[in-house]
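Worksheet: the structure to be examined is printed underneath.
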Amino acid sequence: MFSIKMLPIRTVPTGAASQCFTLIRSLTLGSARASKKAEQLESETSAAEEDVPVTFVDDDAETMEAREARLGAIRNKSRLLPQHRHMLHDTLPYEQSQSWIHETVKYKRMMLGRYGLEGSRVDPRICFPTKKEAYEKAEYERVAFPFSLKQMMDSNAAARKAKKAAVEAREVEIARKLEKLDQWTADLNARMAKKEAEARAAKERKDRLVEEVRRHFGFKVDPRDERFQEMLAQKEREDRKKVKEAKRKEKEEKMMEKLQKKTAELEADVEVPNEQRK
């Protein structure tokens, strides 16, 4: 068997190992912090280069369109939307259609009327109706307005004339009735006086009949007594007969007067032709 020679193992003290590990760790952290700080400085430098004032921008490096766009953005201090800013400066709001509404005939006609031929960029032929639209409009006017202007003017004049005639007739009728107002008032007062007289006469007649019934019995009788009521009814019947007879006689007298008057007129008419013959 071969003999193995063991080498002596050198041990490191515990305090020296901990110091070594601490040194290595501090070196690692320091290098990481240094690299992070270098990256931060590099980013700040690039941001500073981007934020260079406009006066330091190289004009030769940008195109005219980019320059105009940049200057326009700088001039726009109102922060309005582009379409609103265009409307403020009385120009077309949108360069291109943004919605289906912008493609309608109504919108295009409105833009043409507001901004003109050059400002609206709209074909003016769109303002003229098509054959179908012209036909539909003519048909609508034919149905909605069947009469011509002359016919409507004549109808309006006739209506005004009729209204004026009605007003004049009404005024004449009112004036005629006002002339008769005094007569109507007198007739009304006469009728009222007649009704009051009739009511007064009826009351006096009733009082007279009651007094006659009392005189018939010769003593004071209760009006609610049956004998008093029967006698009062009999007196009323007799009184009605007398009134009726008086009215009949008055009517006969009026008829006789009319007949006499008619006879006299006939005799006068007969005498006049006889005198003409003579």
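In the set (1) open to solvent by 60 Å² or more (accessible area, probe 1.4 Å); (2) outside any helix (DSSP H, G or I), residue 133 fails one condition alone, (2). Is it fair to say residue 107 is closer than 30 Å to residue 85 by Cβ and not basic (Lys, Arg)? Against the criterion (closer than 30 Å to residue 85 by Cβ and not basic (Lys, Arg)), residue 107 qualifies.
Rundown of residues vs (1) touching a residue at least 60 places away in the same chain (Cβ under 8 Å); (2) hydroxyl-bearing (Ser, Thr, Tyr); (3) under 23 Å from residue 80 (Cα atoms), yes/no style:
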site: 96; (1), (2), (3): no, no, yes
site: 125; (1), (2), (3): no, no, no
site: 133; (1), (2), (3): no, no, no
site: 148; (1), (2), (3): no, yes, no
site: 152; (1), (2), (3): no, no, no
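Pairing each residue of region 155-169 that is in contact (Cβ under 8 Å) with a residue 60 or more places away in the chain with any residue that is part of a helix (DSSP H, G or I), provided the two are 6+ apart or on different chains, yields no C-beta distance under 8 Å. In summary, residue 109 fulfils each of the numbered conditions (1) in contact with a helix residue (DSSP H, G or I) (Cβ under 6 Å, 6 or more places away or on another chain); (2) open to solvent by less than 60 Å² (accessible area, probe 1.4 Å); (3) assigned to a helix (DSSP H, G or I) with the single exception of condition (2). Determine, yes or no, whether residue 117 is touching a helix residue (DSSP H, G or I) at 6+ places or on another chain (Cβ under 7 Å), of a type in the set (A, V, I, L, M, F, W, C) and open to solvent by 100 Å² or more (accessible area, probe 1.4 Å). Here the answer is yes, as residue 117 does meet what is asked.
The values are calculated or read from the model by the stated rules, or taken from the named source; none is laboratory data. Since this is a predicted model, take the numbers as computed values, not measurements. Neighbour counts run over all protein chains shown; Cβ positions are idealised from the backbone, glycine included. Accessible surface is based on the protein model in full, side chains and every heavy atom, while ligands, DNA and RNA are left aside. Shrake-Rupley method; radii C 1.70, N 1.55, O 1.52, S 1.80 Å.
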